Amino acid sequence: MLTNTKFKKTIKAPTPEMLKPGRNNKKLKGIIKKGAWKGLPIYSLTLEERASCPTNCEQWENCYGNNMPFANRYDHTDPKFLRMLDVNLTVLEHKHPSGFVVRLHVLGDFFSKAYVKFWEDRLETHTALRVWGYTHHRSESEIGKAINKLNVSDKCAVRFSDDEDTTFSTTVAKNVDQAEIVRAKTGALICPEQTGKTKNCGTCSLCWASEKPIVFIEQ
């Protein structure tokens, strides 16, 4: 069984510029166009898939990181990781005092309770910061409970992937027909970007604005 990325040469040492502008990602894009976070720029963080993820992840073998050979993955095990990330957040707050949004994690996951606590603290101390993302930790696990604590804030929205114990979740369907079955059964919303109903995450906002489950289509 794989325990880390297939593309080991893409693992990079942490730097004060780990948070990349969303405009570099065709799905994210650069600016949020609607909802409570309208007008805020998007940045993203990419860690090493599997190495930072819970082993109960249902997408372990078919992680879409398998199809991302050119993505830079930042080494969360490096002793400088949190310090460099903190520097990066401080720089962005000075650059965007009205607010900015970090997408966690394009690849990877919350790798410890201490890391969740890092984000909890930064959401308190960095008034401009907003966060959204997904996790394969179960909502009732120790890390999941810590993530739920993050989600109390209207500045944070981290959904639980493939977790039937919470509606603030996501699931993956094999195709559009299967996604429609899930929608009919659970009332979930199918990702509009994947069905061509919106251009990108910045023009959507459902993942952080809606309480309903979200269905993604496997790619």
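The values are calculated or read from the model by the stated rules, or taken from the named source; none is laboratory data. These numbers were taken from a predicted model, which means no experiment stands behind them. Don't worry about glycine lacking a Cβ; one is built from the backbone with ideal geometry, like all the others, and counts go over all protein chains shown. To get the accessible areas, we keep the full protein, side chains included, count just its heavy atoms, and leave off ligands, DNA and RNA. Shrake-Rupley method; radii C 1.70, N 1.55, O 1.52, S 1.80 Å.
The residues listed here are 88, 72, 25; of these, the one that is within 23 Å of residue 218 (Cβ to Cβ) and not acidic (Asp, Glu) is 25.
Taking (1) touching a His at 6+ places or on another chain (Cβ under 9 Å); (2) within 20 Å of residue 60 (Cα to Cα) in turn, residue 74 satisfies each apart from (1). For the residues 69, 79, the requirement of being open to solvent by 70 Å² or more (accessible area, probe 1.4 Å) and out of contact with any His (no Cβ under 7 Å at 6 or more places or on another chain) singles out 79.
Pull up the stretch 173-205, narrow it to residues that are closer than 27 Å to residue 22 by Cα and of a type in the set (Gly, Ala, Ser), then point me to the one that is most open to solvent (accessible area, probe 1.4 Å). Steps first, please.
Here is the first cut: in the stretch 173-205, the residues closer than 27 Å to residue 22 by Cα are 173-176, 179, 188-205.
Adding the requirement that they be of a type in the set (Gly, Ala, Ser) leaves 173, 179, 188, 196, 202, 205.
Numbers: 173: 1, 179: 0, 188: 4, 196: 64, 202: 0, 205: 9 Å².
Ranking the candidates gives 196 first.
Residues in the stretch 173-193 that are in contact with a Pro (Cβ under 7 Å, 6 or more places away or on another chain) and assigned to a loop (DSSP other than H, G, I, E, B): 1 in all. For the stretch 42-66, a residue qualifies if it is more than 13 Å from the chain's Cα centre (by Cα), closer than 22 Å to residue 208 by Cα and either surrounded by fewer than 16 Cβ atoms within 10 Å (Cβ to Cβ) or modelled with pLDDT of 95 or more (or both), and exactly one does: 64. Can you tell me how many residues in the stretch 53-95 are of a type in the set (Gly, Ala, Ser) and touching a helix residue (DSSP H, G or I) at 6+ places or on another chain (Cβ under 9 Å)? The total comes to 1. One residue stands out in the stretch 1-41 among those that are open to solvent by 50 Å² or more (accessible area, probe 1.4 Å) and not in a loop (DSSP other than H, G, I, E, B): the one that is nearest to residue 192 (Cα to Cα), namely 31.
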